[in-house]
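See structure below.
What follows is calculated from the coordinates using simple rules that are stated; it is not laboratory data. The structure displayed is predicted, hence computed values, not measured ones. Every residue, glycine among them, receives a Cβ derived from its backbone with ideal geometry; neighbour counts consider all protein chains shown.
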Amino acid sequence: MIPVTSAFKAASTATKRQAKAKVEIIWTDPFVDPFLNVESTDKNYGITVAESLGADILMQLVDNIDTPSYKYCILDGSWELGDDKVLAPCTPEEVSNFQIGWYSDSVADANGVIDCSVKVNFDLAGRIVTNVRVIGDSLLNQFPVDFTVSFYGAGYTLLGDPIEITGNTLLAWSRQFDSIDGVIYMVLNITKWNTPNTVVKILEFFSLESDVFEGDTIVSLDILEEREAKNGSSPIGNVSLNELTLKLQNIKIVSGGVAYYNPFTYGNSENNRFYDFLKPNRRINAYYGFKYGSTVEYVKMGTFWTKGDWRCNEMDFSTTVSAYDRMGLLKNVTFECPEPIMALENVTLKYLAELVLNHAKANIPLRDLQWYVGNDLESYTVTKPWFGKGTYFDAIRLIAEACLGCAWMSKDDVLYIRSYTANVGGVSVLSITRDDYFDKNQPSNVDSMKNFVEVSIQSITKSEEKEAVYSDKKLYTVAAEDEEIFELSYNNTPVSDTEFSLENLTGSAAIKSIQRFTYGCRITIENTGLTESTFNISVLGYTYALNSDLVVSSQDDDLITEYGRKELKYENNLVQDETTAQFIADVLVGGYGTLRRDVNLKWRGDPSIEVGDTVTVPEYENNTADFVVIKNDWSFDGALSCNTQARKLLGD
Amino acid sequence: MAKAGEIYLGLSGSEYLLTPADRKLTITDEEILREGRVASGKLRQEIIAVKKNFSLKYEYIGGTNLATIQTIYNLQDELSLKIYNTDTLHDDYTVIMRPITKERVLLDTIGGGLWAGVTVELVEV
């Protein structure tokens, strides 16, 4: 349950209450903008090395993280042995975890005079810019003194007058200005640094555009939170995908003191701040709250990213958009499971979960991805872990399934993975009484009963010898003095220890680099010759025989006699030993063999409650029982209400 | 210089002074809410907003003054309503005007005639 004040609690249950909603839309979320990139010809050696290893340090300038993780060693004469500096991040994982920003190659002279620049590229269609900020190194207290920020449109046209700053004394400099439309890129040129004889260190150089909508601007705000999306009240593989539907009025919206009329209407592109922003992957922070006295107290309901169209309804003067939480992003990106995972043995599900999440953080990239993986996942060991071709969402679901657990995004945008044992309920945090709900029912849920469960043991055996895992007869071609990237999918997966060769080669093609995955690879072929080169690609590797013939089961004969056989077959390639398989079968039959009488409530709603919380609800007459909330379907259209589903606690 | 009791209406910054002659002002609060009875039988209300409705009733009004009100109505826009409680203090509202009902009692082509039972309904947006 989200902590709130007692006044909030009182307001939520008052006979007359006044609910509020608010959304903050970040139009220029740097984490999901496919066009955003940063470049500089003046970057220090460390950045160049990191780039050669596949890590893009310069993107840290636009990631909204404005504090360096450490003071870093830099070979400009300022580093003394024994001081508190550390080596700069270099590998993709280090760059994902540690903030450094842009370090120039040029060194300021004894007066701090320097001449270096960095460029931030936006969408080629251009976008509105109404602000910019330049932030130096807070740990070293170093920042630019004299600098210029310039904005450019199509055809390298300078848009407006450059912002020329001299004598700056601020570590974090920012400026708001009248909107500049059609900006394709912006350039920061620094001519004086506040510290002599050192390189430039910039943590942020970006323009973040956002708006807060509340009050009369919001027509409706509906949020669906659910923990168990797949199998009703069965706990298997419950990876939730929370959804938001936002409807804004499209008559007049004021932003930055400027009124925009029909801002979301298609074709209304002249002097319209919002027009170019109406695209997928806009970040929305959503809030519900209550007004008491002159105070409005809000609870954050989650962070979501828009999907699909901004639908503009002409007759009701509104626009509607749907959005999903971070799981939605993870559902759309392939987890390119690295081949070396096949060398792992006897690792815990916690280790595997963190491997997948670190991979997502570094490779999508989702640098602001935060997670909490329960220590309870350490009690589940996988003999020979592997993942086939699928998305990050699929990999997380496999892990959640293998511990009969759940994975979900919390309201503060943290990804949680907890096992079944952590999901059996805790102390009740809220009593929902007959004064709070309009209707309640407790269906028997016969369809979700499982009184006979079969779990297959997914053993995996490595081949004795390397075999051909890719022997397509396709003739590949690379033009003269060119290079091509080919993506191959193997016939049998997973594979390991792959060896590559070009066969039937004509010309000068050669393998430049290979990214190896368990299910395929991405291979870059370079042709340095003056004529076209053709070849076949051959891949040898160890293959793995998957065997799921061994099956364990658990059943409740009495319940089978009474209700008939309610069967569940369970398969998961991370369940590879008999003990784990039998445990899963027993838990499923023990917990889900009986009629559970879960509860559905239509009530006023208290937005501080979270999915996973335990609540107390009346049953017959004065009896009460505890339930774990598994779904909240919130509706706000000026008034707030909620449909809640909760699973009855075992043994309650 | 405004005086206590005066009422101005029009586009923001261009309000007209409404004639006070034979005028009666009624202000009512309107609760926009959703309500229902919960399982225990208790009434629960969700207050969405409390808005004001203004009714200006003229028992009789001259044609020229009515024409001013009609001009304001014809703006078909959000209107600024200023009600002066003292010579300097006033309450401000953003309102829309409903269509005017009117009954002609005297036809006078020069002065616009005399009208009776004119009610100007203003609703806070």
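Only Lys, Arg, Asp and Glu count, each charged at its Cβ (+1, +1, -1, -1), so figure out the dipole size of region A:19-103 about its Cα centre, rounded to 20 debye.
280
Using the Karplus curve 6.51 cos²θ - 1.76 cosθ + 1.60 with θ = phi - 60°, what ³J(HN,Hα) values do you get for each residue of region A:95-110, in whole Hz, with x for Gly and Pro?
So the Karplus estimates, Gly and Pro as x, are 5, 5, 9, 10, 8, 9, x, 8, 10, 6, 7, 5, 10, 5, 7, 5 Hz.
Please give the charge dipole size of region A:489-590, origin at the Cα centre, charges +1 on K and R Cβ atoms and -1 on D and E Cβ atoms. Round to the nearest 20 debye.
On the way: 6 positive and 15 negative charges, 134 e Å.
Using Cβ point charges on Lys, Arg, Asp and Glu, region A:489-590 gives about 640 debye.
May I ask you to give the average projected area over all directions of the convex hull of the Cα atoms of the protein assembly as shown, in nm² rounded to one decimal?
That works out to 47.8 nm², a quarter of the Cα hull's surface.
Which one of A:Y156, A:Y45, A:N168 has its Cα pushed farthest toward the positive end of the charge dipole of chain A, where Lys and Arg give +1 and Asp and Glu give -1 at the Cβ?
A:N168
What size of dipole, in debye to the nearest 20, comes out for the protein assembly as shown about its Cα centre when the only charges are +1 on Lys and Arg C-beta atoms and -1 on Asp and Glu C-beta atoms?
Charge dipole of the protein assembly as shown: 2360 debye, to the nearest 20.
How large is ³J(HN,Hα) for each residue in region A:117-122, as worked out from phi by the Karplus curve 6.51 cos²θ - 1.76 cosθ + 1.60 (θ = phi - 60°), to whole Hz, x for Gly and Pro?
Working through the residues one at a time gives 8, 9, 10, 10, 9, 9 Hz.
Within 10 Å of each Cβ in peptide B:32-45, how many partner chain Cβ atoms are there on average? Round it to a whole number, please. Please report the intermediate quantities before stating the final value.
Details: counts 2, 4, 6, 3, 6, 1, 10, 12, 6, 2, 4, 2, 11, 6.
Per-residue shielding by partner chains comes out at 5.
What residues have an amide H closer than 5 Å to that of A:Y292, excluding those fewer than 5 places away on the same chain, when H is modeled at 1.01 Å from N in the peptide plane?
Under 5 Å from the amide H of A:Y292: A:E297.
For region A:493-652, what is the number of Lys pairs with C-alpha distance below 23 angstrom, counting only pairs 8 or more positions apart or on separate chains?
4
At a threshold of 8 angstrom on Cα-Cα distance, excluding pairs fewer than six apart, so keeping six or more, what relative contact order does chain A reach in percent?
Result for chain A is 14 percent.
Any idea which of A:T624, A:L546, A:L640 is furthest toward the positive side of the dipole for region A:499-652, if Lys and Arg beta-carbons carry +1 and Asp and Glu beta-carbons -1?
Sorting the options by dipole projection puts first A:L640.
Using modelled backbone amide H atoms (1.01 Å from N, in-plane), which distant-in-sequence or interchain residues come within less than 5 Å of A:S210's amide H?
Correct list: A:W27.
Looking at region A:62-129, what % of the alpha carbon pairs are farther apart than 21 Å? Each step should come with its number before you reach the end.
Working: 1040 of 2278 pairs.
Summing the P(r) tail past 21 Å for region A:62-129 gives 46 percent.
Given H placed on each backbone N at 1.01 Å, which residues far from A:D613 in sequence or on other chains put an amide H within less than 5 Å of it?
Close amide H contacts, sequence-distant or interchain: A:V629.
Among the lysines, which fall within straight-line cross-link reach of B:K3, defined as a Cα-Cα distance under 29 Å, with same-chain neighbours fewer than 8 residues apart omitted?
By straight Cα distance, B:K3 reaches B:K24, B:K51, B:K52, B:K57, B:K82, B:K102.
Taking the highest mean first, how do the peptides A:99-106, A:632-639, A:299-306, A:402-409 order by number of other beta carbon atoms within 10 angstrom per residue?
Going from most to least packed, we get A:402-409, A:299-306, A:99-106, A:632-639.
Which is farthest toward the positive dipole end of region B:1-60 among B:Y58, B:I48, B:P20, measuring Cα position about the Cα centre, with Cβ charges +1 (Lys, Arg) and -1 (Asp, Glu)?
In region B:1-60, that residue is B:I48.
From the backbone phi of region A:44-49, what are the Karplus-calculated ³J(HN,Hα) couplings (6.51 cos²θ - 1.76 cosθ + 1.60, θ = phi - 60°) in whole Hz, Gly and Pro given as x?
Coupling constants for region A:44-49: 6, 4, x, 5, 5, 5 Hz.
Using alpha-carbon positions, what is the distance between the centroids of region A:91-143 and region A:414-484, in Å?
Each part's Cα centre sits 40 Å from the other's.
Show which lysines lie in cross-link reach of A:K20 when reach means a straight Cα distance below 16 angstrom and same-chain residues fewer than eight apart are skipped.
A:K9, A:K247, A:K291, A:K300
Starting from region A:11-117, pick out the GluC sites (Glu not before Pro) whose DSSP state is loop and whose Cβ has at most 11 other Cβ atoms within 10 Å. Numbers along the way, then the final one.
Numbers: sites: A:E24, A:E39, A:E51, A:E80, A:E93, A:E94; in loops: A:E80.
Listed in order of number, the matching sites are A:E80.
Relative to the first principal axis of the alpha-carbon coordinates of chain B, what is the inclination of helix B:63-74, with its axis defined by its Cα atoms, in degrees from 0 to 90 and to the nearest 10?
Roughly 40 degrees, rounded to the nearest 10.
Evaluate peptide A:428-434: per residue, the Cβ atoms of other protein chains within 10 Å of its Cβ; return the mean as an integer.
1
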